[in-house]
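Read the figures in this text as sums done on the coordinates, not as results from a lab. Predicted, not measured: the structure shown is a model, and the values here were computed from it. A quick note on method: Cβ atoms are made from the backbone with ideal geometry, for glycine too, and the neighbour counts reach across all protein chains shown.
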Amino acid sequence: MDRFVIRGGVPLAGSVTPSGSKNAVLALMAASLLAEGDVVLENTPGVRDLQTMIRILKRLGVDAGWESSGTVRVQAAEPSSVEAPYELVRTMRASFMVLGPLIARCGHARVSLPGGCGIGARPVDQHLKGLRALGAKVELTGGYVEAHADRLRGTHLVFDVPTVTGTQNVLMAACLAEGTTILENVALEPEVTELCTVLTGMGACIRGTGTARLEVEGVSRLSGVRHRVVADRIEAATLLVAAAVTGGDVEVRGAEPGHLDAVLDKIREAGAEVTVSEGGIRLRAGARASGTRINTAPYPGFPTDMQAQMMVLLALAEGPSVVTETVFENRFMHVPELRRMGARITVDGRTAVIEGVPFLSGAPVMATDLRASASLVLAGLASRGETNVLRVYHIDRGYHQIEQKLSSLGGRIRRVRD
């Protein structure tokens, strides 16, 4: 099992380019099941979740794999299976998004209920509500969702809550449904917008992209497409916060500033200087950070996927901070590990109160989920002494070669295989 060994105390400096968006790619790979031609995705990250999705597509009888470094090609001319098994779906929640495309394309799907990081309850009720509204007969049997539909039909659906993967799953199914589908209260995340853009490039008829109301005019077939995936906004933000916690000066090239407004505002509130240019985003840390208040929320609010990383900066800030987690009920699992490094954090339900300390100290710590592992890496970079981060397979799910990117900025971090 791999671990990271980190010697902190070095301000990060230089320029770095984040990988393509993991969450965007996973949805686009699921969408490839709708196409009768090749779907080629450039700027794709070589992360574990993407490898899992390739395995799922292959299990469905689809020709999927790497065309070259950073480019995935999927050819789903005729899926030969409609079952996504438990042993694959349990490791990654996003794999459940093959359900909608399989029903729309093949008329039948059998997909295991999903797994993924243990950060809280993430029900699939909105997925199933939407597919039933489109006319699918859906049953839950033995831990699997089984769905049938001779032909999906357009509907008018209002999601009970905005859900990213739920929106994406129902949207993909609606593209091949007969008639018009109106989806309201949809998620606004950039990954949903990117999926709409790519589906339109494949021949789908979608109106309202980027808004909370989507109107989909069903078509009989979709074709292949070539697309370059947008930079991963969470990785870009993680690299910026890495610069902030180490007192550094880093430019993140190729990031989309408009996707990070809420994060950049909070980084500025904490005292760092952030400038946006055509080439990317530059962060120059000032003196010691200042405490602030963060409430996570669906996009365009502060992303729950950046809560753990920002907590490291606030743990080193002058004065108190308050972080309220409104998205997932179990997303403070990194707090006990940060306490081992000297952070002063008190948790009460979904609220964490942080009393900043002048420095953190290196310690052996254990990653519990994807974003928690990123926060522990950042804490190690900012700490005095040596930090060992165990179970880094969590970070490998969503960050491609993160240790190499941080090393290129001067971070003293290396991977050790035990």
Estimated 222 nm signal from helices in the chain, with DSSP H stretches of n ≥ 4 weighted -39500 (n - 2.57), rounded to 500 = -8500 deg cm²/dmol
Just grab the label-to-label distance for His156 and Gln51, each label 7 Å out from Cα along the Cβ direction, in nm (one decimal).
-> 4.8
Nearest-5 percent of antiparallel DSSP beta bridges in the range 22-228?
-> 70
If you build the Cα gyration tensor of the range 38-132 and take the root of 5 times each eigenvalue, what three semi-axes come out, in whole angstrom, biggest first?
-> 22, 18, 11
For the chain, percent of DSSP beta bridges that are antiparallel (nearest 5) comes out at 70
Given a Förster radius of 45 Å and the C-beta distance between Glu256 and Tyr86 as r, what FRET efficiency does 1/(1 + (r/R0)^6) yield to the nearest 0.05?
-> 0.80
Please grab the % of Cα pairs in the range 22-228 that end up more than 21 Å from each other.
-> 45
With contacts defined as alpha carbon pairs under 8 Å and 6 or more residues apart, what's the relative contact order of the chain in percent?
-> 21
How much net charge surrounds Glu403 when only the other residues with a Cβ under 9 Å from the Cβ of Glu403 are counted, with Lys and Arg +1 and Asp and Glu -1?
-> +3
Paramagnetic reach from Thr324 in the range 272-298 [backbone N under 17 Å; point 7 Å along Cα→Cβ] = 292-298
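Across the chain, how many lysine pairs, 8 or more positions apart or on different chains, have C-alpha atoms separated by under 28 Å? Please give the number.
Lysine pair count for the chain: 8.
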Cβ-derived FRET efficiency at R0 51 Å, Ser15 paired with Val347, nearest 0.05 | 0.90
Log entry: pair-distance distribution for the chain, C-alpha pairs binned every 20 Å from zero, whole % per bin is 28, 55, 17, 0
Taking amide H positions as placed in the peptide plane 1.01 Å from N, state which residues far from Thr71 in sequence (5 or more) or on other chains have amide H under 5 Å from it.
-> Thr44
